[in-house]
Every structure is written in C-alpha cells, then in structure tokens.
Amino acid sequence: MEGLIKGLIDVALGHDNKDDEESNPQARDERSRSSWAQVVSGEPDEGEEGSDRTHGYTQNQWNRQGKSELGSQDWEVAGSRPSRQPGKENEVEKKDEWKTVGEKPRRKPQKIQMDQWHGYKRAPTVQEYSDEVENGSYLEPAEEELADLSQACNKLWELDLNRLVPGKDYEIDCGEGKKVFQREDMAQGGLFNWVNEDIFRKPTFSRFCSLLDNYNSDEGCKEVVSSGERQEQAAFIEEISRTAPIKYLHKYLSSKGIISENHQDFKTMMTSLWFDLYGRGGTSGSSSAFEHVFVGEIKQRGEQEVSGFHNWLQFYLEEAKGRVDYQGYIFPRRRGQIPDSETQLLTIQFEWNGVLKSVSSTLIGVSPEFEIALYTLCFYMGGEDNSIQLGPYLVNIKCYHLGDRIGSAYPIAEC
C-alpha cells in the first residue's frame with residue numbers, strides 16, 4: 001500500500017525515468033553515445049530511418065587551404081550542427097520549436113572520402129591511374145558518325161560506361177515547376193535526396209571533384225594557379241584519356257585532321273583548351289573553360305548573377321554544403337513532359353551563395369569524361385547551336401567561342 005501511494009505521488013509530481021537520468025548524467029551520456037560517424041558530424045543518434053542506405057556525401061571545408069591540410073584524413077563532414085551539451089537539451093528543443101513556416105528541411109551531414117586527393121598534386125608521371133580501356137573497332141568512328149555530328153555525340157553517350165543509374169546510384173526530387181520569370185521557390189527541399197558514396201571512388205569522378213575548389217567564384221578576380229594545381233589538371237586529363245569517350249574523341253578529331261594521332265599532343269591540347277586562363281569580366285587571366293562551364297562564376301558588374309555552372313557534381317556538392325538553394329524546375333516547352341526522378345536532362349532555377357541563376361540546364365549522372373568529350377567535339381566540329389541526339393534526349397548543345405577558347409558550353413532540351 002505504501003508503494004502504491006508513493007507511485008501515485010511520483011506521477012502527480014511528474015517524476016519518471018527521465019529524473020533518474022537527470023540525476024545520473026553518466027547514464028544519460030551512455031544512452032546518447034553515438035556511432036563514430038555521428039560523433040564526427042555532431043549529430044545525435046536518432047536511429048534515422050533508412051540509415052542502412054548508402055547516402056551521398058560532401059566535405060565541410062572545400063577550400064584550397066583545407067584540402068592541402070587534409071593529409072591522410074579519411075573523411076571530412078559538412079552540414080553538421082554543434083553537439084548538444086549536457087543541460088542544454090531544453091534550450092535546443094525550444095529553438096527547434098520556433099522554425100520558420102515553410103523553411104526547407106536541413107540536409108543531414110554528408111561525407112566525401114578525400115584521403116587520396118593530396119596525392120593528385122604530385123607530378124603526373126609518378127601518380128597511379130586506372131587501366132586504359134581496350135582499343136577496338138567500337139572506338140573507331142564510323143563513316144556515318146564522321147558525317148553527322150549528332151550520331152557522333154550519341155555514340156559518346158553510348159560509350160559513357162561511368163554514367164550513373166537513377167534510383168541505383170542517386171535519387172533526385174524535382175519538386176514543382178515554374179516559368180523562368182517566376183521567383184517563388186517551388187522546391188520543398190534540395191534537388192538531390194542522396195548519392196551513393198561509391199561513385200566518388202571512381203577515378204575520373206574523384207579527380208574531377210578535387211579540381212572544383214581551385215577557383216575564385218568572382219568573375220573579375222584574377223586567378224592564381226599553383227604548380228600543384230597545374231599537376232592536378234594534367235593528371236585529370238591523363239585519367240580521362242584512358243576512358244572510352246575521350247579515346248573516341250581523339251580518334252574522331254585525328255580523322256578530321258584537327259589533331260595529330262600522337263597521344264601526348266592530344267593531352268597537351270586538351271589541357272590547354274580546358275584549363276588555360278583568359279579574360280572575362282574585364283580582367284585578364286580571370287577565367288577558363290573548366291571554371292566557367294563546370295564550376296561557375298558570379299558576375300559582379302551591375303546586378304549580380306550566376307554565370308556558367310552547368311555541372312551536376314558541382315551542384316550536388318555545393319547543395320550539400322548549403323551554398324546552393326534549388327528553386328524548382330523550369331516548365332518544358334511541350335506539355336506532358338514533366339521531369340521526374342529518372343530524368344537526366346533538367347532545366348532548373350537555383351541560387352548560389354544567395355545569387356540567382358534564373359535558368360540553367362544540366363545533364364544529371366553523366367561522367368566527367370563524357371561532358372569533356374561532348375563539349376570538345378561540339379567546339380571543334382559544330383557551331384553555336386548543335387542539335388543532337390543523346391540517348392532518349394533531343395538536345396541543343398550551345399557552344400560559344402572566345403577566339404580559340406571555349407567561352408561556354410551547355411545543353412538545352414529541345415522538346
């Protein structure tokens with residue numbers, strides 16, 4: 001009877017097992033102890049749904065100094081929040097209660113493995129590369145491909161063995177559609193739900209991503225390229241030159257007499273075409289084809305706007321760091337062709353570092369070597385507008401020349 005009365009009193013006073021934990025911080029600490037990844041990220045162990053899925057990842061410090069200081073560290077984490085301190089739970093919970101209505105959910109911490117990146121700045125001759133694809137008749141341009149740029153580009157699509165599979169390697173959420181002039185945010189969350197971490201172990205993907213932090217986003221800012229970054233560029237070209245799309249590109253251009261059959265001459269040409277600096281925004285040496293097309297720049301003269309930035313890997317990584325805010329897709333020209341999670345050619349609107357990109361087209365899930373090959377082929381063999389077929393997509397590849405340089409290149413859906 002005495003025990004029953006004591007129990008009723010405890011209930012009336014609001015005592016429960018939580019009081020035992022409050023009076024015993026050690027018990028609470030044991031209960032809240034997280035896995036290694038959660039400890040590193042600062043996230044509480046909440047047994048999140050779907051944790052058995054391999055999610056995407058990115059890094060917390062994607063800057064020159066950060067990457068050079070990584071050494072042999074295995075992981076860098078982005079988007080993490082400070083871990084809760086003992087006695088601060090109520091304070092954190094109160095803050096969480098006052099979220100803005102309509103605020104986009106925070107992306108969970110993402111990871112990217114970077115332990116090999118510090119080695120990419122070594123001399124290209126001492127680096128290790130993947131095996132070259134075997135030469136064969138399938139890499140030789142057919143007569144109809146030499147006569148038709150569209151067929152040649154479609155052959156590159158077929159040769160992109162590293163292209164990702166929607167639903168298997170990544171998942172996107174297109175959100176709602178809008179017209180270009182509309183400024184409402186039509187996306188409840190980010191474009192990417194997850195990306196399989198294994199894809200960043202692919203040599204061409206890994207080397208491509210390591211190049212993205214070599215640039216200043218201000219369009220009129222003169223770039224300074226270190227010797228290590230030059231070696232990084234040359235090693236990237238060496239890596240992609242071992243893949244089927246680039247080998248096909250070389251054979252195609254040499255068949256047309258644009259470049260010699262010498263492999264070293266071809267790689268030198270590719271390095272110069274994509275990485276040599278030129279003037280943009282009134283400043284010499286402030287831009288390059290690689291920076292503009294894949295990384296993106298912000299125009300500073302007049303009203304700020306995003307220029308370039310047509311690569312899905314850069315979009316994913318910047319979105320994971322909270323620098324990109326996806327605003328929704330742009331309605332296609334034809335009704336009934338609404339993009340979904342399987343679509344690999346998207347026209348979208350987003351903000352980058354708070355600056356609007358009102359309309360941008362990008363190929364989702366394609367490999368770096370494919371895009372390099374595609375835009376190089378159109379630059380040498382096509383004009384400003386290049387109507388081509390890429391698998392199921394009818395595309396116009398816009399390609400702008402700045403003398404003998406690529407000023408810009410990007411896809412536009414034609415239907």
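The values are calculated or read from the model by the stated rules, or taken from the named source; none is laboratory data. Remember, it's a predicted structure, so these values are computed and weren't measured experimentally. Cβ coordinates were reconstructed from backbone atoms using ideal geometry, including for glycine residues, and neighbour counts include every protein chain displayed. The accessibility values were calculated without ligands, DNA or RNA, using every heavy atom of the protein model including side chains. Shrake-Rupley method; radii C 1.70, N 1.55, O 1.52, S 1.80 Å.
A few comments on the model shown:
- Unmet requirement for Gly322, which otherwise passes all of (1) more than 26 Å from Glu158 (Cα to Cα); (2) of a type in the set (Gly, Ala, Ser); (3) surrounded by 16 or more Cβ atoms within 10 Å (Cβ to Cβ): (3)
A quick yes/no check of all residues on (1) touching a helix residue (DSSP H, G or I) at 6+ places or on another chain (Cβ under 8 Å); (2) buried (at least 17 other Cβ atoms within 10 Å of the Cβ); (3) free of Cβ contacts under 8 Å to residues at least 12 places away in the same chain:
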site	(1), (2), (3)
Ser130	yes, no, no
Glu134	no, no, yes
Ser137	no, no, yes
Glu144	yes, no, yes
Ala147	no, no, yes
Cys153	yes, yes, no
Tyr170	yes, yes, no
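- Within the range 364-401, the set of residues being farther than 14 Å from Asn154 by Cα, open to solvent by 10 Å² or more (accessible area, probe 1.4 Å) and among the hydroxyl-bearing types (Ser, Thr, Tyr) comprises Tyr380, Tyr400.
- Of all residues making up the range 365-415, the number that are of a type in the set (A, V, I, L, M, F, W, C) and more than 26 Å from Tyr316 (Cβ to Cβ): 2
- Selected residue [buried (at least 22 other Cβ atoms within 10 Å of the Cβ) and over 17 Å from Ile406 (Cα atoms)] from Phe236, Phe290: Phe236
- For the range 224-237, the condition holds for at least one residue, the condition being that it is more than 22 Å from Phe266 (Cα to Cα) and either in contact with a strand residue (DSSP E or B) (Cβ under 7 Å, 6 or more places away or on another chain) or polar (S, T, N, Q) (or both).
- Residue within the range 386-408 that is in contact (Cβ under 8 Å) with a residue 12 or more places away in the chain, out of contact with any Ser or Thr (no Cβ under 9 Å at 6 or more places or on another chain) and among the charged types (D, E, K, R) present: no
- Count of the range 402-415 residues, restricted to those that are of a type in the set (Ser, Thr, Tyr) and open to solvent by 50 Å² or more (accessible area, probe 1.4 Å), is 0.
- Hey, Ser367 at pLDDT 95 or above and under 20 Å from Tyr248 (Cα atoms) or not: yes
- Of the set (1) of a type in the set (Asp, Glu); (2) assigned to a helix (DSSP H, G or I); (3) open to solvent by 10 Å² or more (accessible area, probe 1.4 Å), all apply to Glu223 but (2).
- Condition check for Phe192: open to solvent by less than 10 Å² (accessible area, probe 1.4 Å) and in contact with a Ser or Thr (Cβ under 8 Å, 6 or more places away or on another chain): no
- Sole residue being small (Gly, Ala, Ser) and at pLDDT below 90, chosen from Gly177, Gly136: Gly136
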